[in-house]
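Engineer: Before I ask anything, let me first share the structure, which is written out below as structure tokens.
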């Protein structure tokens, strides 16, 4: 029983990181119908920049975290301006944008490789003070609690922002129909840029949390989460933020339980993607995805 | 244009003539200067560059010491360092050059087992003695009777580690955790399993991970629930660091030792894991704290010369040069490769920084490995 409880904690934790990563993906997709494949590279850079700020810059992690998140947000703006904005008037902007985002991913990754080297790097010891709570055989670290709390808080704030704030409403209006939004006097390009800012900032935050917990960062760490992030938003329902969170948790739990039951990590991805496949067969729009009401 | 070609042609002919003429003169020149050329094929660039760099430092230190001690008339060493770029293709070029152009007495290297499997065949065919100083994969010395190595294989280190750990901790049941998609970690796993069986230990659970995994908590949670006396881990240092950290975070106490092989034997392990590494047990070919006077001097000289402490690879390269020098001296010739080979094979109870050194009948390293435990953030000797 305690093993199961511990495994649920393990899954909840990794699932919330997946969720946070996938929210950024799904936000851009919901607004633009475009997959931003450079998201994983921003995730990587977020972790590495935070590490650089702590290690070389000598900042405390509580200062380095928001700084690196802000940096990733700015990367998002750059991404929009370079990879997406120039293509927006083309009829096939969905595909060309996808391709140019792959190019940006390669550029970001090479930059990370050039700046930080190919080696696995770590945060210096005691970057965050870790307290471990034990209850019978159950162990939970304060870092895990902080990471889950930060993830859930960021996701909650984002949902509130989209539902209540004026800019959030504008984002949803653009998502609904950008032409109508423009007619209503919404500055569509600005809103899209802002969406990229938030999306990338969240991706960067996920990268920092991931790096902090596993304490092992390398320029290729985005690869391990890239496909999973995609699977999570498909599972949760494309464009749905609560869906991304739920999808992330479901994915994390299925991974952890697979490893726990089989005793090997080789089947981890196989089972996770089989779950995805089954959900798609039974419910093509994902767990929380709405059926397409009309084609634009 | 034509003129340039002609000049070039003459120059080439002239050079070739010189080379031919100097051929027969060579042995006399060597005899006069009493110098043995040793070729070093080390990975200075590419994936194994970190290992190659420390090997070169260790070898250079040994060469400098030997040449200083040789004085005016003694046999000196001329080291020819070449970079095999961590790939077999470049290794072949380097071996061809050392054998045919430099005409070395023998070759030390290459850094990687993967490269050795290709290059050592060339040397065997050419009758050139090779001494590997870091190859641990099976099937290297089996290539032929000219191939030697002073690097202990996992097959020797691991059974010894298990034996010593069992005695010291009174182990009965253990958990095994290994990477099942890598030749090195899988080889380590097989060696561990055999040693566990030979020592009558029960394996309560076997768990695996894959290259690049960062989250080991599901497997470690399963391991914890079986309450083993020790956890046997076959992993490289990056994964090992994650495993040790996460095991301690999950509440597996430091009194349950985590036991690893050569992959653990790096100062990076302690740096990466900090307090979590206390009580980690590592079987190794060499230990920096070994009390041998020769080893103490080596560590002090190395640190003075390069400003950082030596590691296992430096120690093995350093030892390799002494073994080679000893054999060439005993052979009484720098050009008779057969005599050098025979002298190498006869190396017996040579005092080295690794311990009393002999070759086994299979031309592998023959000396007792060391078992270390991490104590107060440092490697200490658990037993021999």
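Engineer: Could you sort B:237-247, A:190-200 so that the peptide with the highest average Cβ count within 10 Å comes first and the rest follow in order? Can you show the working numbers first?
Structural biologist: Working: B:237-247: 25.0, A:190-200: 22.3.
By packing density, highest mean first, the sequence is B:237-247, A:190-200.
Engineer: Here's something else I'd like to know. Taking N as the number of residues in the protein assembly as shown, what is its alpha-carbon radius of gyration divided by 2.2 N^0.38 Å? Please list the in-between numbers first.
Structural biologist: Values: Rg = 30.2 Å, N = 680, 2.2 N^0.38 = 26.2 Å.
Taking N as the residue count of the protein assembly as shown, the ratio is 1.15.
Engineer: Sort out for me the Cα centre separation of the stretch A:26-73 from the stretch B:279-294, rounded to whole Å.
Structural biologist: 42
Engineer: Here is a follow-up. Pop the C-beta distance of residue B:345 and residue B:254 into the FRET formula with R0 = 35 Å and round what comes out to the nearest 0.05. Mind dumping the intermediate values first?
Structural biologist: Values: r = 45 Å, r/R0 = 1.29.
After rounding, the FRET efficiency stands at 0.20.
Engineer: Based on alpha-carbon atoms only, what is the radius of gyration of the stretch B:155-284 relative to the globular estimate 2.2 N^0.38 Å? Mind dumping the intermediate values first?
Structural biologist: Working: Rg = 12.9 Å, N = 130, 2.2 N^0.38 = 14.0 Å.
So the stretch B:155-284 has a normalised radius of gyration of 0.92.
Engineer: At a threshold of 8 angstrom on Cα-Cα distance, excluding pairs fewer than six apart, so keeping six or more, what relative contact order does the stretch B:155-284 reach in percent? It would help to have the intermediate numbers written out before the result.
Structural biologist: On the way: 214 pairs, mean separation 34.8, N = 130.
For the stretch B:155-284, the relative contact order is 27 percent.
Engineer: In the stretch B:195-233, whose amide N lies under 11 Å from the spot 7 Å out along Cα-to-Cβ of residue A:271? List them in ranges.
Structural biologist: B:219
Engineer: Turning to a different aspect of this structure: Which value in deg cm²/dmol, rounded to the nearest 500, describes the helix-derived mean residue ellipticity at 222 nm for the protein assembly as shown, given -39,500 (n - 2.57) per DSSP H run of n ≥ 4 and division by the residue count?
Structural biologist: Numbers: 23 runs with 392 residues, N = 680.
Rounded to the nearest 500, it is -19500 deg cm²/dmol.
Engineer: Please give the FRET efficiency for residue B:118 paired with residue B:202, using the beta carbon to beta carbon distance and R0 = 45 Å, rounded to the nearest 0.05.
Structural biologist: Numbers: r = 41 Å, r/R0 = 0.92.
That pair, residue B:118 with residue B:202, gives E of 0.60.
Engineer: Another question, if that's okay. So what does log10 I(q)/I(0) come out to for the stretch A:201-296 at q = 0.20 Å⁻¹, using the Debye formula with one equal point on every Cα and no solvent?
Structural biologist: So the normalised log intensities work out to -1.06.
Engineer: Same structure, new question: Suppose R0 equals 25 Å. What FRET efficiency, 1/(1 + (r/R0)^6) with r the Cβ-Cβ distance, do residue B:97 and residue B:271 give to the nearest 0.05? Write out the running numbers ahead of the final one.
Structural biologist: Working: r = 38 Å, r/R0 = 1.51.
That gives a FRET efficiency of 0.10.
Engineer: Quick one: divide the alpha-carbon radius of gyration of chain B by 2.2 N^0.38 Å and tell me what you get.
Structural biologist: 1.11
Engineer: How far apart, in nm, are the 7 Å Cα→Cβ label points at residue B:336 and residue A:176?
Structural biologist: It is 9.7 nm.
Engineer: Modelled label-to-label distance, residue A:261 and residue B:190, 7 Å Cα→beta-carbon offset: nm?
Structural biologist: Taking the simple label geometry, residue A:261 and residue B:190 are separated by 3.1 nm.
Engineer: If you don't mind, there's one more thing I want to ask. So how far apart, in nm, are the two label points at residue B:226 and residue A:113 if each is 7 Å from Cα heading toward Cβ?
Structural biologist: Going from the residue B:226 label point to the residue A:113 one covers 3.9 nm.
Engineer: Taking other Cβ within 10 Å of each residue's Cβ, how do B:174, A:130 sort, fewest first?
Structural biologist: Details: B:174 27, A:130 15.
Exposure proxy ranking, most exposed first: A:130, B:174.
Engineer: Okay, moving on. In 10 Å bins starting at zero, report the fraction of Cα pairs in the stretch A:147-216 per bin as a rounded %.
Structural biologist: Over the stretch A:147-216, the share of Cα pairs per 10 Å bin runs 19, 41, 25, 12, 3 percent.
Engineer: Something else now. Counting other beta carbons within 10 Å of each residue's own, what order do B:80, A:256 fall into, fewest first? Mind dumping the intermediate values first?
Structural biologist: Values: B:80 17, A:256 26.
Fewest-to-most Cβ neighbours within 10 Å comes out as B:80, A:256.
Engineer: Could you give the spread of the C-alpha atoms of the stretch A:1-111 along their three principal axes, from largest to smallest, in whole angstroms?
Structural biologist: The principal-axis extents, from largest down, are 56, 39, 22 Å.
Engineer: Can you give the convex hull volume of the alpha carbon atoms of chain A per residue, in Å³? Mind showing how you got there, number by number?
Structural biologist: Values: hull volume 41.6 nm³, N = 296.
Per residue, the Cα convex hull of chain A comes to 140 Å³.
Engineer: Within 10 Å of each Cβ in peptide A:6-12, how many partner chain Cβ atoms are there on average? Round it to a whole number, please.
Structural biologist: Numbers: counts 9, 5, 0, 3, 8, 3, 0.
Neighbouring Cβ atoms belonging to other protein chains average 4 per residue here.
Every read-out reported here was derived from the displayed coordinates using simple, explicitly stated rules and does not represent laboratory data. Small disclaimer: the values here were computed from a predicted structure and weren't measured. Every residue, glycine as well, gets a Cβ built from its backbone with ideal geometry; the counts of neighbours run over all protein chains shown.
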